[in-house]
Amino acid sequence: MRLRLAVFAAFASALAATAVMAQSDIITQREALMKEFGRVTRPVGGMLRGGTPFDLAAVQSALDIYAKNAKALVPLFPEGSGGGETEALPSIWQKKAEFDGLLDKFAADATAARAAITDEASFKAVFPGVIRTCGTCHDSFRKKS
Amino acid sequence: MDAPLSRSTVTTPPATVLAWDLPTRVAKWLLAALVGLAFASRYWGDGGLVWHQWNGLAILVVLVFRVLWGLVGGSTARFSRFLRGPGAVLSYGVAMLRGRPPHFLGHNPAGGWMVIALLGVVGAQALTGLFTTDDIAVYAPLTNVVSDETMARASAWHQQIYPILLVLLGLHVAANLAHSFLGGDNLITAMITGRKPRGTFADRAPATPGSVARALGCLVVATAAVFGGIVLAGGNPFP
Ligand code: HEM
Ligand code: HEM
């Protein structure tokens with residue numbers, strides 16, 4: 001009886017430990033995808049301001065990464081992954097449909113912009129609208145430091 | 001009683017005395033307007049925060065100017081004249097609680113330290129701004145010369161300092177309104193016109209103004225310090 005209890009306890013704590021590991025793992029994964037957003041967006045920001053010369057290929061690869069990572073991010077915010085070292089706000093799980101909707105919109109906008117942007121003029125007209133979603137989402141779903 | 005004629009023709013001493021020279025007043029109201037615009041430009045300005053950043057650089061120029069003017073400017077603008085020790089601040093506080101504070105032509109001992117606090121906190125807000133990013137597409141002039149960790153820390157400070165600034169500004173405005181409308185010492189008019197009614201002051205009156213030429217010199221030095229400083233540090237001073 002006691003042995004069975006001990007085995008059960010050990011099993012349960014192992015399970016809990018894996019859950020915690022899986023959670024910190026999932027946070028690392030989604031933060032890595034966000035960091036990649038940041039890394040590819042920085043030079044494009046310079047092109048928008050005119051400080052860096054326009055580079056269509058760099059813009060296109062940034063848009064590809066937006067579409068790819070935004071889709072990959074949707075399953076990385078499961079219920080209960082709001083604890084630990086994360087900047088994700090609880091509001092994500094209170095308004096999950098809105099949150100997922102923003103990621104879907106971001107991916108769709110990026111895909112549409114990939115086709116619409118052919119030169120510097122179309123880049124300057126279309127791109128700011130795509131990355132506006134970053135700020136919209138951070139304002140309501142990411143912890144302010 | 002004198003006849004009205006002799007009163008206006010014979011030299012009567014003016015009814016007011018100089019309290020603040022022109023450069024001090026211009027710097028003060030410019031700073032107030034620019035800090036207001038810093039908030040407006042952040043919340044209602046362009047997405048790239050170009051306006052906010054230029055506005056912030058202008059704030060830095062005015063701040064450096066005000067520090068220089070505190071060293072070489074008009075008498076009431078000088079730090080050495082209006083910064084007094086804790087004893088003076090305490091006895092001024094006690095006199096105020098008793099309802100009979102002495103009037104000062106320049107800053108009173110408590111107000112003098114409030115000026116330092118305001119300059120310090122606005123300075124901290126503006127300096128952290130130079131290293132701030134929104135993590136998306138906006139990177140302020142000095143973000144390219146520091147590590148990602150420093151940038152993240154400065155960005156966090158830039159979000160944490162301005163609430164302190166808002167509290168100080170609230171106290172500052174409340175104290176000035178109270179002196180002007182309850183305390184019988186209209187500080188607000190004085191900061192606009194530069195003059196106060198003749199009277200008994202605890203500090204030296206009238207004030208000695210700093211010259212406009214010297215103020216222009218300070219402005220040139222301040223502008224060179226801000227933009228030259230950013231270039232020397234390896235940044236791009238043009239947002
Ligand atoms: C190109 C657009 C975007 C960029 C450049 C961007 C950039 C970033 C960066 C750099 C981080 C910090 C990662 C870290 O180091 O911890 C982050 C976190 C975050 N972002 Fe974004 N982001 C973008 C779009 C979005 C969108 C569309 C959403 C919402 C649908 C979003 C929601 C979040 C959340 C919730 C976090 C916190 C994640 C965590 O700490 O667990 N972001 N983002
Ligand atoms: C006293 C002067 C300044 C004031 C009062 C001020 C105020 C603010 C405020 C209230 C925010 C919004 C923070 C938030 O989202 O919580 C902000 C953001 C920002 N400021 Fe300033 N700022 C000043 C100077 C500067 C300077 C000198 C620069 C750079 C040249 C700068 C660059 C930025 C940037 C890049 C952001 C975006 C951060 C974000 O959106 O998360 N600021 N500022």
Quiz item: For region A:24-52, which residues drop by 50 square angstrom or more in accessible area between the chain on its own and all protein chains together (1.4 Å probe)?
Solution: A:R42, A:R49
Practice problem: With a/c under 1.5 counting as rounded, go ahead and sort region B:110-239 into rounded, prolate or oblate using the C-alpha gyration tensor (a ≥ b ≥ c being the square roots of the eigenvalues; past the cut-off, prolate if a/b is larger than b/c, else oblate). | Solution: oblate
Quiz item: If you average 1/r over all unlike Cα pairs in the protein assembly as shown and invert the result, what Kirkwood radius do you get in angstrom?
Solution: 25.4
Quiz item: Over all Cα pairs of chain B, how is the pair count split among 5 Å bins, expressed in % and running from 0 up to the last occupied bin?
Solution: 1, 6, 12, 15, 16, 14, 11, 9, 7, 4, 2, 1, 1, 1, 0, 0
Quiz item: What are the principal axis extents of the Cα atoms in region B:170-239, in Å, biggest first?
Solution: 51, 31, 19
Quiz item: Lys/Arg Cβ at +1, Asp/Glu Cβ at -1, dipole of chain B taken about the Cα centre: which of B:Q125, B:A95, B:A110 is farthest positive-ward?
Solution: B:A95
Practice problem: With only Lys, Arg, Asp and Glu charged, each at its Cβ (+1 for the first two, -1 for the last two), find how big the charge dipole of chain B is about the Cα centre; round to the nearest 20 debye. | Solution: 1060
Quiz prompt | Eligible lysines near A:K35 by straight Cα distance, threshold 26 Å, same-chain separation 8 or greater | solution = A:K68, A:K71, A:K95, A:K96, A:K105, A:K124, A:K143, A:K144
Practice problem: Treating only the Cβ atoms of Lys and Arg (+1) and Asp and Glu (-1) as charged, compute the dipole magnitude of the protein assembly as shown about its Cα centre; round to the nearest 20 debye. | Solution: 1380
Exercise. At 1.4 Å probe size, with every protein chain present, just tell me what the per residue accessible area of region B:62-147 comes to in Å².
Key: 43
Quiz item: What FRET efficiency do you get for A:D139 and B:W54 if R0 is 30 Å and r is their Cβ-Cβ distance, rounded to the nearest 0.05?
Solution: 0.80
Self-check item: Shielding by partners - mean other protein chain Cβ count within 10 Å, residues of B:134-142
Solution: 6
Quiz prompt | Net lengthening on full extension, B:T208/B:A15 (0.36 nm per residue, minus Cα-Cα) | solution = 67.8 nm
Practice problem: Add +1 for every Lys or Arg and -1 for every Asp or Glu among the other residues with Cβ under 13 Å from the Cβ of A:V130, and state the total. | Solution: +2
Self-check item: Nitroxide proxy distance, nm - points 7 Å out along Cα→Cβ at A:A58 and B:A32
Solution: 4.5
Quiz prompt | In Å², nearest 10: area of A:V126 left accessible to a 1.4 Å probe | solution = 50
Exercise. Would you be so kind as to identify all helices of chain B, as entire DSSP H runs, whose Cα atoms reach 18 Å or more along the helix's own axis and whose mean Kyte-Doolittle hydropathy is at least -1.0?
Key: B:22-44, B:50-72, B:109-129, B:148-181, B:212-232
Practice problem: Leaving ligands, DNA and RNA out of it, report the carbon-plus-sulfur percent of the accessible area of region B:184-223 at a 1.4 Å probe. | Solution: 68
Quiz item: To the nearest 100 Å², how much accessible surface do chains B and A hide from each other in total, with a 1.4 Å probe?
Solution: 1100
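The values are calculated or read from the model by the stated rules, or taken from the named source; none is laboratory data. Being a predicted model, the structure only gives us computed values, none of them experimental. Cβ atoms come from the backbone with ideal geometry, glycine included; neighbour counts cover every protein chain shown. For accessibility, only protein heavy atoms count, side chains too; no ligands or nucleic acids. Shrake-Rupley method; radii C 1.70, N 1.55, O 1.52, S 1.80 Å.
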